[in-house]
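**Student:** I have a structure here, written as structure tokens, and I will follow up with some questions on it.
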Amino acid sequence: MILITGATGTVGRALLDRLLEAGTPVRALTRDPQQARVPAGVEVVGGDLGDEDSLKPALEGVTKVFAVSAGHLRGLHDGNLARAAARAGARHIVQLSSLAVAEDPENILGRWHADGERAIREAGIGWTILRPNGFMSNALQWAPSIRRNSEVRAPFGDLASAPVDPADIAAAAAAVLRGDGHESAIYPLTGPGAVTPRDQVRVLGEVLGRPLRFRELTEAEALAEMSAAMPVETASAVLRARAAAGEFRAQTHPGVEQLTGRRATSFAEWAARNADAFR
Ligand SMILES: NC(=O)c1ccc[n+]([C@@H]2O[C@H](COP(=O)([O-])OP(=O)(O)OC[C@H]3O[C@@H](n4cnc5c(N)ncnc54)[C@H](OP(=O)(O)O)[C@@H]3O)[C@@H](O)[C@H]2O)c1
């Protein structure tokens, strides 16, 4: 039995599909089993990563665990999960971390994930760490303004990065959870090429068949807008990480292909698959 945390989230939900397709028995952890939307055939168990004892029922009979939670609580949540998993006799934990760990250990995003990685490594069971770059699905935050007035407002319009499709992260996680030989390995995961926000908006316009405007925000404007949707420290950390990223975030890594045996999804392919969300 494999326990998927973050099972109602972007990556965990896609991972449930991959594991079910492969016929692997899976259990989903959520704080709210009544509300959780998971595919038929998945056992849903309640538990809170902030409360180590609450994880016991979810970990009964589990051999492998996928670890995800909200960024700023990674140290606490991953520590609770890893200790509870080790006590329950699980053999291996696969963690969704972030490329931010390798980028700038002084950035708060990097520190949150470094705390989570340390907790996993110190738990005394086998581990594998996946370090994705920014998710392609972050572009979904532009959907309301694209639908409303064909406009995207974002900072750093010309800053390139190599974002990764969350479906590729899920496929990579499924390969690690179902395979052997990934103990103590760290896999950076990116898409196949670098794109700037301006490029992404142009590609979305091509997919939708109409031109979209890109309006570049200053960092202060971006902080004000992002703080409406997330804690101000998170918004500020994300912006500082992006501002300082330089070439690092634009580099591509072969992790998706190594783990899944197929080329990573391009942003154009992701946009075509998700076009309806922008219509
Ligand atoms: N977005 C990016 O660009 C990016 C880049 C690199 C790394 N990451 C990493 O990816 C993570 C997010 O992954 P995602 O987008 O797949 O998730 P998501 O869609 O943001 O969903 C968060 C998941 O975490 C679960 N969760 C949160 N707090 C919990 C708690 N106290 N107890 C149990 N479960 C809890 C939620 O489950 P319930 O609500 O059902 O309880 C939900 O399934 C980030 O935190 C970061 O570490 C993201």
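**Student:** Taking only pairs six or more apart or across chains, which ones have beta-carbon atoms under 9 Å, a first residue in region 252-279 that is without any contact (Cβ under 8 Å) to a residue 40 or more places away in the chain, and a second residue that is among the basic types (Lys, Arg) and open to solvent by 30 Å² or more (accessible area, probe 1.4 Å)?
**Tutor:** Sorted first by the residue in region 252-279, then by its partner, the pairs are GLU257/ARG263.
**Student:** A follow-up question, please. So which of LEU99, LEU159, LEU140, LEU130 is within 12 Å of the ligand (Cβ to nearest atom) and in contact with a Lys or Arg (Cβ under 9 Å, 6 or more places away or on another chain)?
**Tutor:** Exactly one of LEU99, LEU159, LEU140, LEU130 is within 12 Å of the ligand (Cβ to nearest atom) and in contact with a Lys or Arg (Cβ under 9 Å, 6 or more places away or on another chain), namely LEU99.
**Student:** LEU223 - would you say it is in contact with an Asp or Glu (Cβ under 8 Å, 6 or more places away or on another chain) and assigned to a helix (DSSP H, G or I)?
**Tutor:** When the stated conditions are applied, LEU223 does not pass them.
**Student:** Looking at region 1-27 only, could you name the residues that are among the aliphatic types (A, V, I, L, M) and either touching a Lys or Arg at 6+ places or on another chain (Cβ under 9 Å) or part of a loop (DSSP other than H, G, I, E, B) (or both)?
**Tutor:** The answer is MET1, ILE2, LEU3, ILE4, ALA7, LEU19, ALA22.
**Student:** Does region 68-77 contain at least one residue that is within 8 Å of the ligand (Cβ to nearest atom), open to solvent by 20 Å² or more (accessible area, probe 1.4 Å), at pLDDT 95 or above and of a type in the set (Gly, Ala, Ser)?
**Tutor:** No, region 68-77 contains no residue that is within 8 Å of the ligand (Cβ to nearest atom), open to solvent by 20 Å² or more (accessible area, probe 1.4 Å), at pLDDT 95 or above and of a type in the set (Gly, Ala, Ser).
**Student:** Taking region 136-168 as the search range and keeping residues that are of a type in the set (A, V, I, L, M, F, W, C) and under 13 Å from the mean Cα position of the chain (by Cα), which one is surrounded by the fewest Cβ atoms within 10 Å (Cβ to Cβ)?
**Tutor:** Among them, the one singled out is ALA167.
**Student:** Something else: Out of ALA86, ALA7, report the one residue that is open to solvent by less than 30 Å² (accessible area, probe 1.4 Å) and either within 9 Å of the ligand (Cβ to nearest atom) or among the small types (Gly, Ala, Ser) (or both).
**Tutor:** Unique residue meeting the criteria: ALA7.
**Student:** How do the pairs read when you match residues in region 168-182 that are in contact (Cβ under 8 Å) with a residue 12 or more places away in the chain and in a loop (DSSP other than H, G, I, E, B) with residues anywhere that are open to solvent by less than 10 Å² (accessible area, probe 1.4 Å) and not basic (Lys, Arg), using Cβ under 6 Å and keeping only pairs 6 or more apart or on different chains?
**Tutor:** HIS182/THR128; HIS182/VAL176
The values are calculated or read from the model by the stated rules, or taken from the named source; none is laboratory data. Since we're looking at a predicted model, the values are computed, not measured. In this analysis, Cβ positions are derived from the backbone assuming ideal geometry, glycine residues included, and neighbour counts consider all displayed protein chains. Just the protein is used for accessible areas: all its heavy atoms, side chains included, with ligands, DNA and RNA removed. Shrake-Rupley method; radii C 1.70, N 1.55, O 1.52, S 1.80 Å.
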